Each structure stands twice: as C-alpha cells, then as structure tokens.
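A.B. asks: This is the structure, below, for whatever I ask next.
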Amino acid sequence: MAKIAIVHQLLQEWMEEEWCQMEQERGQRRAYRARIDMLAAYSFEGGVRYASLNRAVPLLRHYFAGEDTRPDFRLSRASITGLLQLLNQERSHGWGPTIEVLVFLFWLASGASYRVVSRAFDMPRTTVHNVVHRVCGCVIVAMPRVIRLPSTAEGQREVSEGFARLARHGAFSRAMGAIDGCHVRIKSPGEPHGQDYFNRKLFPSIQLQAVCDHAGRFIDVFVGYPGSVHDARVLRHSPLFQSAAYRFRHFSSVRITGGFGGV
C-alpha cells in the first residue's frame, strides 16, 4: 500500500507540473496573438482595415515569440529595439514600424529579391519595395546622429586610449580610427562607363570606405566610387580627407590607421 501511495503521489505531482507547463504555453500563445492583433489594428481614420498580418508567417512567429533574431535578421533583439527607437516612425495606418523594420532588415540580411521577401512575409511585392525604400530613407536621415566623429576632447581621449589598450602600446594613443574599404557588388551599368566599375577581382562594384573606433562602431562612411578606383584615391577624395577631420583639436596630429596603411 505504501508503494501505491508513493506512485500515486508521484503521478499527481507529474500531472500538476504538466498542467502548469500547459498553462504557461497557453499564456505565451495568448500574449503572442495579442501582440499580433495590436500590430494588425492600424487603420485609416474612417476605421477601414488597411493591413492584416498573417499569423502563420514563421519570421513573425519567431520574432514575437521571443526567439533569437540573429539567424533571420543578423541583429540581436536589443539592436532591433534600439533601431526602432532611433527611427521613431509613428503612423496611424500601414503595417506599423515594427513590421516595416523587420522587412527592411530581412531584405538586408538575406540579400534576397523583393519577390523572395514578399513570400517570406506574405506581403505584396510592391509593398515590400515601398517599405524598403521608406525605411532606408529614414535610416539615412538618422545616420548622422549615430555615425559621427568624436567632437569633444573627452570623446577623442576615450577613443585614443581605447586603441592604446587594444594594441597594448602607447604609440596607438595617437590613433583615432581604423579605416578600410570593401567592394559592394552591383550589376554593371553598361557602356560607356561599365568597365570603370570592374574591380581587381573582376566583378562590378562600388567602393565603401569606413572608419571605426576602438569599440568597432562606425564613425565615418563614404561610398560611391567605382570599383576600379584605387583605395588611396577614394580616401583623398572623401570628405574625411578633404576636411582634414582626422586632425582634432586635442592632438597636433592624429592617425587613422587600417587597410590603407595609415593617414
């Protein structure tokens, strides 16, 4: 009888744990549906529904269920939240800022066509096109608030000391950035200037020059020169070089070192 009582007690405890887990899962599903309904409730002033989300879309289900966002969007959840706060897109209709930013990030992360993104989000292709261009415009407007050279003596000192710590040598206390360039692959624009865009790796591209601080944050970007142009020429014609922005007041001479061997 004692054994039967023990087995009965164990079964009862197991059933209580299963019931608690089921209730927790139900609560998570209800919270997920509530968030989806809230985001899908954007409407015109007349009350006509403008957009209706497909709850079966895996990308949205994973995002609103609290799963890791990096495999699909290449950004952590905290970074996506920060981007939403930075853009601060407030509208009374449409898909809403969260959905539009997710579409934009997936388009960037996957490098896919509008057709592929539209299927991934169950969204019309023209809508994906409009969303990508609209969010891209907002990012360009907000970019100077994030990507900027340190303008104060404290900011400059923080970057220089950061490089010295990374290099474990005092000589790098005069460094203010690490510079390099990369080729962004494009479709050849054709003649008469199509050959200008073929780089040394024999594919058409435009050049992106970027400067990062000691923490890996972008502090300057310059893009647009054809792929065949030499890196040094891109640097000489960049606003960073033309304005001599690398000569800060805190230092008599500051070096920005990296892929170009130093400036």
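The values are calculated or read from the model by the stated rules, or taken from the named source; none is laboratory data. The structure displayed is predicted, hence computed values, not measured ones. Virtual Cβ from ideal backbone geometry, glycine too; neighbours counted across all protein chains shown. For the accessible areas, the whole protein counts, side chains as well, though only heavy atoms, and no ligand, DNA or RNA atoms are used. Shrake-Rupley method; radii C 1.70, N 1.55, O 1.52, S 1.80 Å.
A.B. asks: Among the residues of the stretch 107-136, how many are in contact (Cβ under 8 Å) with a residue 40 or more places away in the chain and among the polar types (S, T, N, Q)?
C.D. replies: Final tally of qualifying residues: 0.
A.B. asks: Can you tell me which of (1) more than 24 Å from the chain's Cα centre (by Cα); (2) open to solvent by 70 Å² or more (accessible area, probe 1.4 Å) is the one ASP231 doesn't meet?
C.D. replies: In the conditions (1) more than 24 Å from the chain's Cα centre (by Cα); (2) open to solvent by 70 Å² or more (accessible area, probe 1.4 Å), ASP231 misses (2) alone.
A.B. asks: While we're here: If you go through the stretch 101-112 one residue at a time, do you hit one that is open to solvent by less than 50 Å² (accessible area, probe 1.4 Å), out of contact with any Gly (no Cβ under 8 Å at 6 or more places or on another chain) and at pLDDT below 90?
C.D. replies: yes
A.B. asks: Which pairs turn up if I take residues in the stretch 142-168 that are under 14 Å from ALA178 (Cα atoms) and open to solvent by 20 Å² or more (accessible area, probe 1.4 Å) and look for partners that are part of a loop (DSSP other than H, G, I, E, B) and modelled with pLDDT under 90 with beta carbon separation below 7 Å, at least 6 apart in sequence or on another chain?
C.D. replies: Close Cβ pairs (under 7 Å, with a partner that is part of a loop (DSSP other than H, G, I, E, B) and modelled with pLDDT under 90) amount to LEU149/ALA245.
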